[in-house]
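Structure first, then comments.
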Amino acid sequence: MVEGGHEVYFALASYKQGFHQNDKGKRVVRVRENVQALKALWLDIDFKGEYPNASKALLAVRDFCAATHMPRPALLVGSGNGVHAYWPLDTAIPLDRWQRLADAFKEAAKAHDLKADLVCTADACRVLRPFGTMNFKDPANPKAVKLLFSSDGDYSPDSLEAILAPWQPTRK
């Protein structure tokens, strides 16, 4: 909780079980070993450096999609201090398949010098801010989390895997 409001986030994964005790006796829910499936790829781009505002960040996403042949994101959210871009999948996929896809997505972003939080991109346990809430990161200057763009598009994991195949990391 932050003075004047509450921080609100949503998990991008579904989980096998609710709160439970891990091997060390700690009460956990949002941990990798509890992830069941995921139904999206995402980028978290902060307003700093090369992308000081939404326009610059969205142009970078557009250019990245054109260069990699990725479809445009179906959902764009202004997080208050950045942009979240989402590629929803038409079916939930298990963690191991999602991780390979997310790792390839991350490598494609790196290869095209997209300035996103790439740790977030490949983190199955990530939480992000939903639109319609407030960002209280700076309590003296709360910012609305806004929907910037939405379409009805869902993407086939098979088609995204084919697009991202050139960036699929090799596993040892």
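The values are calculated or read from the model by the stated rules, or taken from the named source; none is laboratory data. Quantities reported herein were computed from a predicted structural model and do not represent experimental measurements. In this analysis, Cβ positions are derived from the backbone assuming ideal geometry, glycine residues included, and neighbour counts consider all displayed protein chains. With ligands, DNA and RNA removed, areas are computed over all heavy atoms of the protein, side chains included. Shrake-Rupley method; radii C 1.70, N 1.55, O 1.52, S 1.80 Å.
Here are a few things to note about the model shown:
- Residues of the stretch 115-133 that turn out to be more than 14 Å from the chain's Cα centre (by Cα), on the phi < 0 side of the Ramachandran plot and surrounded by fewer than 17 Cβ atoms within 10 Å (Cβ to Cβ), as a count: 0
- Listed here are the helices (runs of 4 or more DSSP H) enclosed by the stretch 80-172 that have at least 1 residues being among the aromatic types (F, W, Y): 95-111.
- Qualifying positions in the stretch 51-79 - in contact with a His (Cβ under 8 Å, 6 or more places away or on another chain), assigned to a helix (DSSP H, G or I) and buried (at least 17 other Cβ atoms within 10 Å of the Cβ): F64, T68
- Checking every residue in the stretch 97-111 against the condition of being modelled with pLDDT of 95 or more and in contact with a Gly (Cβ under 7 Å, 6 or more places away or on another chain) gives zero matches.
- Matching residues, the stretch 134-148, being open to solvent by 60 Å² or more (accessible area, probe 1.4 Å) and hydrophobic (A, V, I, L, M, F, W, C): M134, A140, L147, L148
- Qualifying residues in the stretch 22-50 (those that are surrounded by 13 or more Cβ atoms within 10 Å (Cβ to Cβ) and either among the small types (G, A, S) or part of a loop (DSSP other than H, G, I, E, B) (or both)) - the one modelled with the lowest pLDDT: V29
- When residues of the stretch 149-162 are limited to those that are touching a residue at least 12 places away in the same chain (Cβ under 8 Å) and open to solvent by 80 Å² or more (accessible area, probe 1.4 Å), the one farthest from the chain's Cα centre (by Cα): D152
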